[in-house]
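This report refers to the structure that appears directly beneath it.
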Amino acid sequence: MIDPEALRAQLGRLIGADRLLLQPSDVAPYLVDHRALYRGRTWAVALPRSVEEVARIVAWCNEQRVGLVPQGGNTGYCGGATPDESGRQLLLSLRHLNRIRALDAANFSMTAEAGCVLASVQQAADGIERFFPLSLGSEGSCQIGGNLATNAGGLNVVRYGMTRELVLGIEAVLPDGRVFDGLKSLRKDNTGYDLKSLLIGSEGTLGVITAATLKLWPQLRSSATALIGIAAPADAIALLGLLRAAAGERLSSFELLPRIALELTMRHVDGVTDPLGTPYPWYLLCELTATAPEPLSELLQQTLAGAAERSLLLDAAFAGSERERAALWRLRESVPEAQRRSGASLKHDISIPVAQLPRFIDEASAWVGRHVADGVLVCYGHAGDGNLHFNVNHLDSADAAARRAFLAREPVIRRAIHDLVASYHGSISAEHGIGRLKREELQRYASPVGLDAMRAIKRALDPNGIMNPGKLL
Ligand code: FAD
Ligand code: 2HG
Ligand code: ZN
């Protein structure tokens with residue numbers, strides 16, 4: 001049995017009582033995940049302000065065998081940042097560890113503490129005429145530590161890669177409380193196992209990330225953005241090939257949306273409109289960017305004109321100003337919010353080899369059509385990376401009993417979709433991670449040899465199992 005009062009008193013003495021939240025009303029927002037799938041309990045929320053304080057907390061948790069749940073912006077989709085229902089785990093929020101420690105324009109790098117909100121990292125890079133390309137719909141509240149911990153993807157992966165590819169160095173407190181200072185700003189460093197890479201994507205199970213040195217790029221000087229109406233996903237893949245050939249690395253975003261996604265955003269999000277007027281079955285949101293002033297609009301228009309001659313597209317709306325560009329992105333980025341407002345939904349963040357997307361969408365949609373009469377498929381996402389959010393929305397969430405019945409079928413629907421993904425040698429979590437939500441899925445679909453290696457790593461670094469217990473493994 002734990003004695004919460006004794007734990008609070010001990011930890012308060014160690015880091016200062018002002019670093020702890022104890023009142024139920026103060027603690028409550030930390031105990032539910034963004035999707036409200038999980039509601040946990042805790043005896044305290046710790047809000048350290050320095051790496052040394054994080055180290056003291058972790059060392060103490062290790063001695064006391066107290067489970068520790070790191071939390072960033074709490075925007076994660078897999079319940080990874082929510083403590084369990086036992087009330088025994090300590091919640092560690094990184095929000096006050098939020099300094100930009102260094103900006104180095106000449107080295108194209110910056111060092112940011114884990115609690116920096118992603119948008120503020122982007123702005124800091126902009127301030128030295130550099131560009132940090134990680135971009136997600138949640139960038140106004142997710143934190144760079146959370147981005148590293150989940151190896152976040154987002155809207156620019158087709159050009160810059162996932163978070164792992166944007167990181168030069170890392171600082172983390174390991175489960176025994178020692179600080180791993182790997183904050184190098186080197187492009188080349190072949191000195192043994194890559195601990196940085198291991199911590200990225202570890203979802204708080206191997207240590208607490210306290211800071212990262214990030215790669216920066218030259219600022220963007222030109223862009224061209226279009227919303228393209230297409231008949232079917234197969235046209236998207238043909239267009240992807242054409243745009244890659246014509247624009248090379250300038251192709252920075254390639255997002256697929258079904259008509260229903262536009263309808264949901266227009267219905268549920270203020271100010272979203274359809275720039276094409278006529279409805280089309282599918283859409284692509286494509287963006288080219290360059291670091292020099294370049295005629296990207298011409299390049300995009302010419303490439304799309306060539307594609308239109310081959311009947312690969314039906315229509316296109318080009319952003320003629322920064323305001324129109326922002327409107328197109330708002331349309332795309334509001335899809336999760338529109339889905340949330342429209343009722344219950346089942347999410348499947350999957351990836352498969354890009355060329356097989358059309359066949360997968362056909363097969364998986366047919367299954368949903370046959371088996372989920374009370375659901376509508378909202379299948380959208382980062383098609384350029386082979387990553388779909390193959391989500392199913394409930395049609396009648398106002399009826400509580402019908403909603404419960406829909407949600408009760410989640411395991412059956414998930415199993416069918418994930419089994420199909422596995423048959424395509426795909427991934428059951430392309431960018432959102434495993435957390436608590438997909439723990440059993442990982443056991444089912446991961447390579448047994450790979451899982452054994454993961455467990456061995458976990459045991460070696462965290463023999464007492466204090467780091468984010470019940471998540472990932
Ligand atoms: P949290 O939710 O707080 O935590 C996530 C996990 O990381 C937990 O396991 C937690 O324990 C761990 N963690 C957090 N901070 C640390 C730390 N400092 N050290 C160790 N572990 C830590 N994700 C994408 O990949 N691509 C998208 O396009 C995308 N779009 C989104 C759009 C919306 C509207 C929303 C709500 C979410 C979206 N997400 C997306 C999901 C989410 O924003 C990302 O997973 C994000 O990286 C989580 O960051 P966070 O700071 O909120 O982490
Ligand atoms: C996105 O791409 C996010 O918008 C959220 O990853 C996806 O809500 C989702 O399923
Ligand atoms: Zn996404």
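The values are calculated or read from the model by the stated rules, or taken from the named source; none is laboratory data. Model, not experiment: these values are computed from the prediction. A quick note on method: Cβ atoms are made from the backbone with ideal geometry, for glycine too, and the neighbour counts reach across all protein chains shown.
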Restricting the first residue to the range 377-392 and requiring it to be within 13 Å of ligand 1 (Cβ to nearest atom), which pairs with a second residue that is among the β-branched types (Val, Ile, Thr) meet a Cβ separation below 7 Å and a spacing of at least six or different chains? 380/335; 382/157; 384/158; 385/157; 385/158; 388/350; 391/378
Spans of helices (runs of 4 or more DSSP H) in the range 1-100 with at least 2 residues within 12 Å of ligand 1 (Cβ to nearest atom) and closer than 24 Å to residue 116 by Cβ: 51-64
Screening 395, 407, 437, 420 for residues that are of a type outside the set (Lys, Arg), within 16 Å of ligand 1 (Cβ to nearest atom) and over 19 Å from residue 255 (Cβ atoms) leaves only 437
Quick test for you: out of 442, 451, pick the one residue that is assigned to a helix (DSSP H, G or I), within 16 Å of ligand 1 (Cβ to nearest atom) and either in contact with a helix residue (DSSP H, G or I) (Cβ under 8 Å, 6 or more places away or on another chain) or at pLDDT below 95 (or both). 442
Whether any residue in the range 122-139 is over 25 Å from residue 216 (Cα atoms) and more than 12 Å from the chain's Cα centre (by Cα) is what I want to check. no
All but one of (1) surrounded by fewer than 19 Cβ atoms within 10 Å (Cβ to Cβ); (2) at pLDDT 95 or above hold for residue 207; state the number of the condition that does not hold. (1)
Return only the number of the condition from (1) touching a strand residue (DSSP E or B) at 6+ places or on another chain (Cβ under 7 Å); (2) more than 16 Å from ligand 3 (Cβ to nearest atom); (3) not aliphatic (A, V, I, L, M) that residue 133 does not satisfy. (2)
What tally of residues in the range 135-154 results from selecting those that are more than 6 Å from ligand 1 (Cβ to nearest atom) and either buried (at least 24 other Cβ atoms within 10 Å of the Cβ) or basic (Lys, Arg) (or both)? 2
Considering the range 454-473 alone, what residues qualify as being exposed (fewer than 12 other Cβ atoms within 10 Å of the Cβ) and assigned to a loop (DSSP other than H, G, I, E, B)? 463
Looking at 199, 166, 174, 186, which is the one that is in contact with a Pro (Cβ under 8 Å, 6 or more places away or on another chain) and either closer than 28 Å to residue 439 by Cβ or of a type outside the set (Lys, Arg) (or both)? 166
With respect to residue 91, determine if the residue is in contact (Cβ under 8 Å) with a residue 12 or more places away in the chain, touching a strand residue (DSSP E or B) at 6+ places or on another chain (Cβ under 6 Å) and crowded, with 19+ Cβ neighbours inside 10 Å. yes
Boolean, residue 402 is part of a helix (DSSP H, G or I) and either modelled with pLDDT under 95 or more than 15 Å from ligand 2 (Cβ to nearest atom) (or both): yes
Could you check the range 141-215 for strands (runs of 3 or more DSSP E) lying wholly inside it with 1 or more residues that are closer than 30 Å to residue 288 by Cα and in contact with a strand residue (DSSP E or B) (Cβ under 6 Å, 6 or more places away or on another chain)? 167-173, 208-215
First in the range 433-445 and within 21 Å of residue 164 (Cα to Cα), second anywhere and in a helix (DSSP H, G or I) and β-branched (Val, Ile, Thr), Cβ under 8 Å, 6 or more apart: 433/150
Considering only the range 334-352, I want to know if a residue exists there that is without any contact (Cβ under 8 Å) to a residue 40 or more places away in the chain and more than 23 Å from residue 406 (Cα to Cα). no
Mind counting the residues in the range 174-227 that are closer than 30 Å to residue 318 by Cβ and near ligand 1 (Cβ under 10 Å from one of its atoms)? 0
